[in-house]
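All remarks here apply to the structure that follows.
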Amino acid sequence: MHNAPPVAYPLGRSHFQGLALAALWLAGLGVTVAWWLAGPGFDWRTGMAVAGVVGAGVLAWLGWRSAPVGQLHWDGQAWFWESPGYQAGTPVLALSVALDLQRTLLIRLDNHDHASMWLWAHRSAFPERWLDLRRAVYSRRKAWPAGLPPDMPLPVAAADFPAETDPPRPYP
C-alpha cells in the first residue's frame, strides 16, 4: 500500500464557520429577547444578558476575522503548515479530523510545542485537489523500516521495504 500523494491545500477564513457562529449568536439573541419580553421588564439581569450576548457576538466576530490563513502541505511523509507567520513552513506533530461534512473538514493541527490550531478546509477552495487532501488526511503513515537511518529519503527507503510489525509469538 502506498502513502497518499503529496498535496498543498489552501486554508483560511471559513464562511461555514462564520454562518454557524452567526446562527448561534442569533439564537442566543432570540432567547435573550424572549426572556426579556416574558419577564417583568428591563432590569439589571436583562441588561447583563444583553451585554453578554453583545460581548459574545463581538468575540465571535473577532475570532472569525483573525482565523489563520495559509497552506497545509503533505509531502508524502509529514504535514507542514505554511502561513505569513511561518513562511518556511512549520512541521505538524499531529493532524486529526474533528468534523467531516464531505465538502468541509474541520482539522486540528498540533505542533511540537503542543499548541493546537483549528482550521477549516472547503472543497470550493481548490476542487481539483480536494480528493488528494482527503486521501492524505485519512491515510495512515507507514512505519519507518527497522535498521534504516531516519535521514534517508522516504521515497527510496520506505517504498521498497515492508513496514516493521511485531514478530509472531510462538505457541507454548
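Since every read-out is calculated from the coordinates, none of them should be taken as a lab result. If you're wondering where the values come from, they're calculated on a predicted model, not measured in any experiment. Virtual Cβ from ideal backbone geometry, glycine too; neighbours counted across all protein chains shown.
Odds and ends about this structure:
- For segment 127-132, the Karplus equation 6.51 cos²θ - 1.76 cosθ + 1.60, evaluated at θ = phi - 60°, returns couplings of x, 5, 10, 4, 5, 5 Hz by residue, with Gly and Pro reported as x.
- Our coupling estimate for segment 49-63, obtained by passing each phi through the Karplus curve with A = 6.51, B = -1.76, C = 1.60 and θ = phi - 60°, is 5, 5, 4, x, 5, 5, x, 5, x, 5, 5, 5, 5, 5, x Hz, Gly and Pro reported as x.
- Remark: the residue 112-residue 140 segment gains 8.1 nm on full extension, using 0.36 nm per residue and subtracting the alpha carbon distance.
- Take the Cα of residue 69, step 7 Å toward its Cβ, do the same at residue 45, and the gap between the two points is 4.5 nm.
- In order along segment 32-38, the Karplus-derived 3J(HN,Hα) couplings, from 6.51 cos²θ - 1.76 cosθ + 1.60 at θ = phi - 60°, round to 5, 5, 4, 5, 5, 5, 7 Hz, and Gly and Pro are given as x.
- Panel note: the C-alpha atoms of segment 28-86, placed on their principal axes, show extents of 63, 20, 12 Å (largest first).
- In plain terms, the residue of 113, 43, 75 with the fewest other Cβ atoms within 10 Å comes first and the most crowded comes last, giving 113, 43, 75.
- Shape of segment 82-127, Cα gyration tensor, a/c cut at 1.5: oblate
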